[in-house]
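Student: Please read through the structure below; I'll follow up with questions.
The values are calculated or read from the model by the stated rules, or taken from the named source; none is laboratory data. None of the values given here were measured: they were computed from a predicted structure. Here the Cβ positions follow ideal geometry from the backbone for every residue, glycine too, while neighbour counts run over all protein chains shown. Note: accessible area is taken over every heavy atom of the protein model, side chains too, but ligands, DNA and RNA are not part of it. Shrake-Rupley method; radii C 1.70, N 1.55, O 1.52, S 1.80 Å.
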Amino acid sequence: MSSIVIGNNTLDRISHLPPNIIEQILMRLPLRDAIRTSILSHDWRYAWSSIPHLAFSWQEFPLSICNYSQVNFDRKLVDIIHQVLLLHQGPIHRFELSIQLRNSKDIDGWLLFLSRNDIREIILHRWEGEVYKLPSCLLSCKGLRSLSLHRCMFRPVHFQGFPRLASLFLRSVAISQDGLEALITACPLLNKLCLIDMFDFGGLKVCSPSLVNLTFVGEHIDLAFENVPLLATLSVSLTVKSDKYYAAPGVICKLFRILYHLPSIKKIVLGGQAFKVWTYGELPIQLPCTYQLKHFHATVNFKDMQEMFAIVSLCRSCPLLVTLELEARFVMQANHETPVEKFWNSQQSFDCLFSQLKNLEITGVSSILELPFLKFVLANAPVLETAYIGFDYRLKTELDITREMIKFRRLSPAAEIKILKRKFRNASSMWA
């Protein structure tokens, strides 16, 4: 501990810091280390007991502390948490429990205790075992600003909402479609929503006037939007177990349908099979014009001309697009109904599609079949600054492809082609 000597006396400088500074120091320590400061001196004995953030994670409390015995570990951890909550003084604003407990009955009591202590953020992550059924006392935490749940069951009854909740993270949470939609609607200040591998529903209508950032990862569902005037960032990654894309003949593809409902969208990220699914169907005769979209990222099949036409159409709909990032998706077969060269030559008749594009990134390049798109962009992007190219880690002919790329005509005199040093794994797909 830092100290200075004056005569025969030693002055402890840290212990004489203002209480709020000491609290900030303790909050930046792992909880176990913060508690251990109680042995430093009498002044430090209960200094940790007023910190408003309590985190019990597997990094700080590993199973090894009980010789890898799960039964002993559960018993010891429960005793530790009980004692910490018993000795704690003042409000608890943040509580994290990211440790696997086989017996979850004690969690009910902890959540009840937290609901009476001005709790603002709860992180409850379980990794295996039975899904934990959340107690009704959680619904009384009206001061919650952030809620993060993993492997829990949420069945709200007579729920009036979280009036201050700004961030909601749900992963592998069992909740009905109606329950989730009601939960989202009942959070008037919800700003960020993340849903990963959700259970028990096949569709979701997102209605949230305050929502700015939405992430969805999981199996394909019918995702719809209503009254999301502030949504600026949308990230969707889908897995699909069949070739049914849920688009009847004559139906406009989903990507362009949702653009009508996203008036403030600035960034879209489509991973996994999302771009394939969302561009299945007919393209609208009159494309929606989205001036706000500046950043688009997608995993695509460069050999599928339907997907390439969807990319071209998107760029026509978003004339102010600045950054375009495409990750190559590997497929067993290519769609050869329209020859590649013939297709790209037919696109030359359009007006300049990339009038504001400055950054292009293509990763997972595994053959020359990905190059026609790069050639097309270079020839139609007047202000392009950099085209980043990342090769697939299995590729053995990088030099030949690089030689071919540098021959392409560039409309922008400032355009550079840069090869990324990191190798990329091609996103795989079994689709034709």
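Student: Cα to Cα, under 19 Å, and not fewer than 8 places away if on the same chain: which lysines meet these conditions relative to residue 266?
Tutor: 192, 254, 294, 358
Student: Another question, then. What FRET efficiency would be calculated for the residue pair residue 79, residue 164, taking the C-beta separation as r and a Förster radius of 30 Å, to the nearest 0.05?
Tutor: 0.35
Student: For the pair residue 86/residue 201, report the inter-label distance in nm, with labels modelled 7 Å from Cα in the Cβ direction.
Tutor: In this crude spin-label approximation the distance works out to 4.1 nm.
Student: OK, next. Taking a spot 7 Å from the Cα of residue 58 along the direction of its beta carbon, which residues of segment 105-134 have an amide N less than 19 Å from it?
Tutor: 105, 107, 123-133
Student: Starting from the Cα-Cα distance between residue 239 and residue 404, subtract it from 0.36 nm times their residue separation and give me the gain in nm to one decimal.
Tutor: 56.0 nm
Student: Moving on. Arrange the peptides 410-422, 178-190 so that the one whose residues have, on average, the most other Cβ atoms within 10 Å appears first.
Tutor: Going from most to least packed, we get 178-190, 410-422.
Student: Continuing with the same structure: Could you give the length gained on full extension between residue 116 and residue 130, defined as 0.36 nm per residue of separation minus the Cα-Cα distance, in nm?
Tutor: Extending this stretch completely gives an extra 2.3 nm.
Student: Can you spot the aspartates and glutamates whose alpha carbon is less than 16 Å from residue 276's alpha carbon? Ignore those fewer than 8 places along the same chain.
Tutor: Within the straight-line cut-off, residue 276 pairs with 219, 222, 243, 304, 307, 325, 327.
Student: Report the extension gain between residue 393 and residue 32 in nm, rounded to one decimal, defined as 0.36 nm multiplied by the number of residues separating them, less their alpha carbon distance.
Tutor: 125.7 nm
Student: Counting only other residues whose beta carbon sits under 14 Å from that of residue 103, what net charge do I get with K and R as +1, D and E as -1?
Tutor: 0
Student: Moving on to the next point. For a protection proxy built on the mean count of beta-carbon atoms within 10 angstrom, sort 363-376, 300-313 highest first, please.
Tutor: Highest to lowest by the protection proxy: 300-313, 363-376.
Student: Sort segment 150-273 into rounded, prolate or oblate with this rule: let a ≥ b ≥ c be the square roots of the eigenvalues of the Cα gyration tensor; rounded if a/c is under 1.5, and if a/c is not under 1.5, prolate when a/b is larger than b/c, oblate otherwise.
Tutor: oblate
Student: To the nearest 0.05, what FRET efficiency results for residue 24 and residue 194 with a Förster distance of 25 Å applied to their C-beta separation?
Tutor: FRET efficiency, residue 24 to residue 194: 0.30.
Student: Rolling a 1.4 angstrom probe over the protein heavy atoms, how many square angstrom per residue are accessible across segment 49-189?
Tutor: 47
Student: Leaving out ligands and nucleic acids, note down the accessible area per residue over segment 361-423 with a 1.4 angstrom probe, in whole Å².
Tutor: Heavy-atom SASA per residue in segment 361-423 reads 53 Å².
Student: Tally Lys/Arg at +1 and Asp/Glu at -1 over every other residue whose Cβ is under 15 Å from the Cβ of residue 227; what's the total?
Tutor: Surrounding charge for residue 227 is -1.
Student: Report in % the part of the accessible area of segment 64-145 that belongs to carbon and sulfur, leaving out ligands and nucleic acids; probe 1.4 Å.
Tutor: Whole-percent figure for carbon plus sulfur exposure: 50.
Student: What number comes out for the charge environment of residue 313, summing +1 per Lys or Arg and -1 per Asp or Glu over other residues with Cβ under 12 Å away?
Tutor: -1
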